[in-house]
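Below is one structure; the comments refer to it alone.
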Amino acid sequence: MVKIVSLFVSKISIVIYLMLTGDTLARFTLHNYTAGLVKEASSRDKMGKSHLILKRYENIIKSDEDKRVYRGLELSNHMKVLLVSDPKTDKSAAAMDVNVGFLSDPKEVHGLAHFCEHMLFLGTQKYPNENDYSKFLSEHGGATNAATYVDHTLYYFDVVPEKLTDALDRFSQFFIAPLFTENATEREINAVNSEHEKNIPSDLWRLDQLDKHLADQGHPYNTFGTGNKHTLITIPKEKNIDVRKQLLEFHSKWYSSNIMSLAVLGKESLDELEDMVVELFSTVENKNVEAPVWPTHPFSEDQFRTKVYVSPIKDVRNLNIVFPSEDLTEFYKSAPSHYISHLMGHEGPGSILSVLKARGWSNSLVAGHRPSPRGIGFFAVAVDLTEEGMDHVDEIVELVFQYLNMLRKEGPQKWVQDENRNIGQMIFRFKDKESPRSYISGLVHSLQEYPMENVLCANYMLNEWHPELVERVWKKFVPENVRISVVAKKFDKELDESEPWYGTKYKKIEIPEKTIKKWQQAGECSDLKMPERNEFIPTDFSLYPIDDDVTEFPIIIEDTALTRVWFKQDDQFLLPKANLMCDFVSPLAYLDPLNCNLTHMLVQLFKDALNEYAYAAELAGLKWELINTKYGLILGIGGYSSKQHILLKKIMEKLTDFKIDPKRFHIIKETYIRNLKNFSAEQPYQHAVYYLTVLLTEHSWTKQELLAATEQITIERLEAFIPQILSKMHIECLVHGNANKAKALELVHIVEDSLAQAMSMSPLLPRQLLLNRELKLENGCEYSYEVQNEVHKSSCIELYYQCGLQSKENNMKLELVAQIVQEPCYNILRTKEQLGYIVFSGVRRSNGVQGLRIIVQSDRHPDYLDSRIEAFIASMLEYISDMSEEEYLRHREALAAQRLEKPKQLNSLTNRLWSEITAQQYHFDRANIEVAYLRTLSKNDILDFFKTVLTEKAENRKKLSVQVISMAEGGAGNDNSTLKETPNTKSKFINDVTVFKSNHEMYPLVQPYINITRKGSKCKL
């Protein structure tokens, strides 16, 4: 697991993707706005600290359902602070946003802001030990992370509430007196370089960097934000630049309190939180800097009307259409770009995507104003292309201009804004509570962008309507301003240029004038139209009365040969929301690779066919999902409860009378085949995790087996398969939330009745409902399985020490060992030994069996990694033996706090309950019971466990390693590599997975925790 993550690309890709989908609705929604009141600090003088506070903001607008209380501050050093008091919280959290990012790097030292982010974790004057901060958090149930963006840098953590003051003390020193030691400086450059190496084969990172590379060379946007050894060692040495000195100067210049914002959530009162923050953060120096703003757009006139052809790593095909825009942050109350993105990114009838799919040119489209550096903006339309779509790129662009012309002709429509406002008001009113860490880290940058009174609701406000702003924005979306990129493997041999940092091959051309004129003259398209009014927006938010016999955990309210229904009425969150989960179990779904493929095709085609109808429901906060598993299909519906039955009826009606569209069939089949092939380009650690599952699971078809069977996928086979899988199954359901037993059964009967009317239903036998088992390794074994990776220069190893079946005792001993070794593992293998950027340790659980796993992705050969991990494991015995009783108890209580942390949302609790049901363990009170046992464990108990299953000569030790060896140029397994190691002669190598499995027995299944009749027993013979 990456502890310190830089999210340059996520700002441009993952976040943008979420923003550009229909879910953008949730970003710009309404709450009745009233001006917040600013109270001058003179209104309260406590403990003589009032001179350290310039302003207090007491009227911060919050959701009606939000029980937390808030206060804003501006400290005397002009740091903005948001305090959140939640007496019932089981975790405290804090986040700091520094309003400077990698666009402020010195031109001669690319990656300095990112490097600074790394270095702040490695010691301060008050706490000089490199791992003091992370060790403290680890021992007190906490975690930390950070991210460097184009124009700001984010740091955040959480911790048990009792230790918030101590954690904040350590945290504050990042911004007061970091050490930046020479030793750590040299080592951490390796970590930055390793992070960059990890990203080189990622198309998201490559395309983002190419965008920066093509910008005006004199603009700060033309940069390389991650940095690597070349930018942080080689170039500085050539230019006589002292990087550590540059680092000190960067921190000294930019880490100024007046461009910092802090958010803190704790169980303490607002006054107590205020005193805590004032004492610790008022000493952060105010250097009176101005947060940088870039008013000049990075692409000048001569860079518009261009098309760039790009060769990707994976076999993907994308069209990106980008227009320049302005920074629209100040217009958040009317959100003009959201109005446009809502319409252009719509997926209902008459949308751009609807027409593209009908023509067979695309499967998905996202559109919207993507996050950009302060002062500038980009509006993007991203289209995935089918094979046929590749031949119609210019026509797709023309279709976009036709839609824009239609919008201009219609003019801005207030009913669209009103509808989005109503949805926003609903979302803000019934906003789910988030975990403290994600909540605070997501809020803190809002302090930099919005008035203090609006920091909670700014992204949910649409209480102003300015059609002239909408027109001003889309006025720039014209052919003269367009920049286009087309990404596909087919261009590889035609490309003559290469981006320097990632090696992305590309070719840039000017779009012919005749094409520009054609787009300028784009006429109407009769297939395009405005979306219809959304009938799914709920109007009934009433809650069902709590039943007199409400239960703490789910109960079975119906159990037949065909169906079992679990029900749990919500008496905790009290929101008008509910979740329905249906597990359609069928042995046909995973019978062989062909059936697995057919099940996948059914799911993808069905979701594709229902998308136009269901998109409106999703916009209105009613989501649905259908996935295929080893055991069949899982259907889930969640969100506002009042209209769930309408969507469910449509889903079941469509499913039981599903007709395959031949054109969509061939497109989706081709996409599926490409996705299977693209797995080879995933990160090495993902390969290690995957192949370990293949080795240990009783029944598993590999990607290669699935790919080989795709040749047998035909429309005729799928048409014959659908009624087979739907007519012989067992259905297990969970209804959780705003419902009573009658409502729960009404929903489930919609499912049952639809299937019964359309199919000749036949129940399964109990033994057809048994789960997969896990392979049992023998005591004292040491196995190794090698696979090669041709794409990444990094190799990877996953070491797995199998520790037996899940049980209360085994679970807690293993989890406590994992808790104790987690921070030293990261500190030793990653920070000190510099083995790689990705270092992870933790518990692996599958099919009721568990063990400790350690993953390291590195430029070193897996044999070397194996030896270093083994040395680390050996050192941990002494580490635990020498541990003081106080430190041991801190770890034990940290684990207890993590396990007892309550779900913050209905969805989180639903997932927890559902996982117990699908695992057939039904241990709904697991956390309380296991933590009670945890608190009886002594240090000697853990040492005995460690000696029994983990030390090298332990009698019950069972070791299995998966080695992913890089065969890429410069990789650890390449014939020319200097990183090759002497093979590990102790391990038995697995040459044939089938033979390996056939030589091992399987663990038994974990039996249910409660006394319960097996599913399907009503029909046993």
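So if I take the centroid of the Cα atoms in segment 400-445 and the same for segment 943-969, what is the distance between those two points in Å? That distance is 50 Å.
With the cut-off at 19 Å, tell me which of the pairs K88/K577; K229/K507; K577/K741; K212/K490 have Cα atoms farther apart than that.
Details: K88/K577 22 Å; K229/K507 28 Å; K577/K741 15 Å; K212/K490 23 Å.
Check vs 19 Å cut-off fails for K88/K577; K229/K507; K212/K490.
Rounded to the nearest 0.05, the FRET efficiency derived from the C-beta distance between E653 and K507 at R0 = 41 Å is 0.25. Say each of E969 and K49 gets a label point 7 Å from the Cα, pointing the same way as Cα to Cβ; how far apart are those two points in nm? With each label placed 7 Å out from Cα toward Cβ, I get 5.9 nm. Annotation: amide H-H contacts under 5 Å for S362 (H modelled 1.01 Å from N, sequence separation of 5 or more, or interchain): K357, T386.
Taking square-rooted eigenvalues a ≥ b ≥ c of the alpha carbon gyration tensor, is segment 834-940 rounded, prolate or oblate, where a/c under 1.5 means rounded and, failing that, a/b exceeding b/c means prolate? Before the final figure, lay out the partial values.
On the way: a/c = 2.34, a/b = 1.40, b/c = 1.68.
Oblate is the answer for segment 834-940, as a/c is 1.5 or above yet b/c matches or exceeds a/b.
Where in segment 500-570 are there GluC sites (Glu not before Pro) that are in a DSSP coil and have at most 15 other Cβ atoms within 10 angstrom of their Cβ? Mind showing how you got there, number by number?
Numbers: sites: E510, E513, E524, E532, E535, E552, E558; in loops: E524, E532, E535, E552.
Sparse-neighbourhood loop GluC sites (Glu not before Pro): E524, E532, E535, E552.
With N the number of residues in segment 555-769, Rg(Cα) / (2.2 N^0.38 Å) evaluates to 1.08.
If R₀ is 41 angstrom, what is the calculated FRET efficiency for the pair S526 and T560, using the beta carbon separation as r and rounding to 0.05? Once rounded, the FRET efficiency stands at 0.20.
Bridge orientation summary for segment 555-769: considering DSSP beta bridges with both residues in this region, about 80 percent are antiparallel. With θ taken as phi - 60° and the Karplus curve 6.51 cos²θ - 1.76 cosθ + 1.60 applied, the whole-hertz 3J(HN,Hα) list for segment 384-389 is 7, 10, 7, 4, 5, x Hz, x standing for glycine and proline. Each part gets one Cα centre, and for segment 904-922 versus segment 843-863 those centres are 25 Å apart.
Below 14 angstrom from the Cβ of A177, what's the summed charge of the other residues (Lys, Arg +1; Asp, Glu -1)?
Working: positive: K126, R170; negative: D132, D169, E285.
Here the charged neighbours net out to -1.
Antiparallel DSSP bridges in segment 781-998: what percent, to the nearest 5? Please report the intermediate quantities before stating the final value.
Working: 25 of 36 bridges.
In segment 781-998, approximately 70 percent of DSSP beta bridges are antiparallel ones.
For segment 52-281, the pair-distance distribution built from all alpha carbon pairs, in bins 5 Å wide starting at 0, is 1, 6, 13, 17, 17, 15, 11, 9, 7, 3, 1, 0 percent.
What percent do you get for the relative contact order of the chain when only Cα pairs under 8 Å and 6+ apart count? Write out the running numbers ahead of the final one.
Numbers: 2029 pairs, mean separation 142.0, N = 1021.
The value is 14 percent.
Close amide H contacts of V482 (hydrogens built in the peptide plane, cut-off under 5 Å, sequence separation of 5 or more or a different chain): R305.
For R1014 and D592, the FRET efficiency from 1/(1 + (r/R0)^6), where r spans their Cβ atoms and R0 equals 30 Å, is about 0.70.
Taking the helices alone, the chain has a mean residue ellipticity at 222 nm of -11500 deg cm²/dmol, built from -39,500 (n - 2.57) per DSSP H run of at least 4 residues and averaged over all its residues.
Around the Cα centre of segment 555-769, unit charges on the Cβ atoms of Lys, Arg, Asp and Glu (plus for the first two, minus for the last two) sum to a dipole of about 240 debye. Rounded, prolate or oblate, given the Cα gyration tensor of segment 317-363, with a/c below 1.5 counting as rounded? It comes out oblate by the Cα gyration axes. For segment 221-272, the average shadow cast by the Cα convex hull is 6.5 nm², which is a quarter of the hull's surface.
Here's the picture: charge each Lys and Arg Cβ at +1 and each Asp and Glu Cβ at -1 in the chain, and of I423, A758, N190 the one pushed furthest to the positive end of that dipole is A758.
As a test, work out the antiparallel percent of DSSP beta bridges whose residues both lie in the chain, rounded to the nearest 5. The answer is about 80 percent antiparallel.
Distance between the C-alpha centres of segment 147-188 and segment 371-394: 37 Å, rounded to the whole angstrom.
Note on the chain: dipole from Cβ charges, positive end direction compared against I259, L385, H666; the farthest Cα belongs to H666.
Here, each number is a calculation from the coordinates, and none is a lab measurement. Being a predicted model, the structure only gives us computed values, none of them experimental. Cβ sites come from the backbone with ideal geometry, for glycine too, and all protein chains shown count toward neighbours.
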